[in-house]
Amino acid sequence: MPELPEVETVVRGLRAVLPGRRILTVRLGKTDFIEDPAALERDLPGSRISSVRRHGKFLVVELESSKEGLQNFSLLVHLGMTGQIVTCPPQTPVQPHTHVFLSLDDGREFRYTDIRRFGKMRILSAGGQQAALGKLGLDPLEATEAQFFAQLRGRRARIKALLLDQSVLRGMGNIYTDESLWRARIHPMRLGASLKDAELRRLHRAVREVLEQAIQMRGSSISDYVDSSGRRGSYQQRHRVYQRMGMKCFRGDGVIRRAIVAGRSSHFCPGCQPAPRTRTRSSELRR
């Protein structure tokens with residue numbers, strides 16, 4: 001599933017071409033992932049795109065209405081597992097499973113493709129963003145060290161589960177949580193409350209470094225992800241633990257293992273990420 005670096009990469013690509021463009025027409029294919037397809041067909045034509053931004057794993061396209069008496073609004077998009085957004089000339093061959101076409105006044109098309117249709121798309125009124133997005137936690141790229149500490153210190157949940165909790169830190173996912181914990185030398189089963197200030201400081205720095213490097217490399221293309229130009233990311237070449245079970249650790253002689261934490265597969269090195277001093281069911285650890 002696209003995580004913060006992938007969504008940020010798509011947003012930066014869209015931000016380079018969409019602001020100032022006017023949407024001329026809307027054409028929809030399958031619509032079971034759209035909350036109100038009629039709202040897209042009614043409100044998007046004639047509207048002007050003012051900005052594109054990321055909020056956690058969501059893309060927010062801010063729109064200025066051309067209709068008298070109608071407030072400005074936004075298009076909220078979540079890519080789900082296989083969602084892709086590209087902008088291209090209309091004569092570009094259409095990829096299978098492309099379900100949304102927005103024709104723009106510069107002659108290009110905004111296309112949304114989603115094989116499994118686990119993504120989401122909806123129109124939000126000017127006052128609807130708080131209700132839709134307000135419960136999400138801090139952005140890990142914006143959180144200060146003090147804010148990061150406050151979100152995690154004293155929590156009795158596993159640190160892996162806390163980092164994945166979107167009400168704690170918005171945008172983190174399985175890939176970058178595993179990579180950040182490895183870089184910070186913290187076992188995914190450690191409790192948030194057990195982490196010392198020095199460990200939290202290392203983790204805060206690791207999260208930022210991993211996310212920033214992944215963005216520089218346009219994200220990780222594990223399966224379907226491409227950026228808004230249709231290009232694959234390359235950060236998967238820099239993964240140190242994610243999906244490397246049984247391989248040698250880059251940092252020493254340890255071998256990467258996998259554990260199920262909070263229902264999610266978690267990769268770690270037992271040599272440089274010491275396990276917590278608690279009893280652990282053998283069934284939770286898999287070689």
Counted residues, the range 71-109 - those being surrounded by fewer than 15 Cβ atoms within 10 Å (Cβ to Cβ) and closer than 28 Å to residue 127 by Cα: 3
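Conditions (1) over 25 Å from residue 138 (Cα atoms); (2) under 26 Å from the mean Cα position of the chain (by Cα); (3) at pLDDT 95 or above; (4) aliphatic (A, V, I, L, M), marked per residue:
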residue: 202; (1), (2), (3), (4): no, yes, yes, no
residue: 218; (1), (2), (3), (4): no, yes, yes, no
residue: 223; (1), (2), (3), (4): yes, yes, no, no
residue: 235; (1), (2), (3), (4): no, yes, yes, no
residue: 287; (1), (2), (3), (4): yes, no, no, no
Residue, modelled with the highest pLDDT, within the range 264-283, restricted to residues that are part of a loop (DSSP other than H, G, I, E, B) and farther than 17 Å from residue 181 by Cα: 277
Inter-residue pairs, beta-carbon under 8 Å, first over 18 Å from residue 4 (Cβ atoms) and in the range 225-237, second aliphatic (A, V, I, L, M), 6+ apart: 229/86; 230/86; 237/217
Residue list for the range 139-154, filter: closer than 16 Å to residue 165 by Cα and either of a type in the set (Gly, Ala, Ser) or assigned to a loop (DSSP other than H, G, I, E, B) (or both): 139, 140, 141, 143, 150, 153, 154
Restricting the range 59-111 to residues that are out of contact with any Ser or Thr (no Cβ under 7 Å at 6 or more places or on another chain) and among the acidic types (Asp, Glu), the residue that is farthest from residue 4 (Cα to Cα): 68
Criterion: assigned to a helix (DSSP H, G or I), of a type outside the set (Ser, Thr, Tyr) and either in contact (Cβ under 8 Å) with a residue 60 or more places away in the chain or surrounded by fewer than 19 Cβ atoms within 10 Å (Cβ to Cβ) (or both) - qualifying residue of 198, 206: 198
Test result for residue 65, at pLDDT below 95, crowded, with 16+ Cβ neighbours inside 10 Å and not β-branched (Val, Ile, Thr): yes
Candidates 157, 184, filtered to the one that is small (Gly, Ala, Ser), surrounded by 20 or more Cβ atoms within 10 Å (Cβ to Cβ) and either over 21 Å from residue 76 (Cα atoms) or modelled with pLDDT of 95 or more (or both): 184
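The values are calculated or read from the model by the stated rules, or taken from the named source; none is laboratory data. Here the structure is a predicted model, which means the values were calculated and not measured. We place every Cβ from the backbone using ideal geometry, glycine too, and count neighbours over all the protein chains shown.
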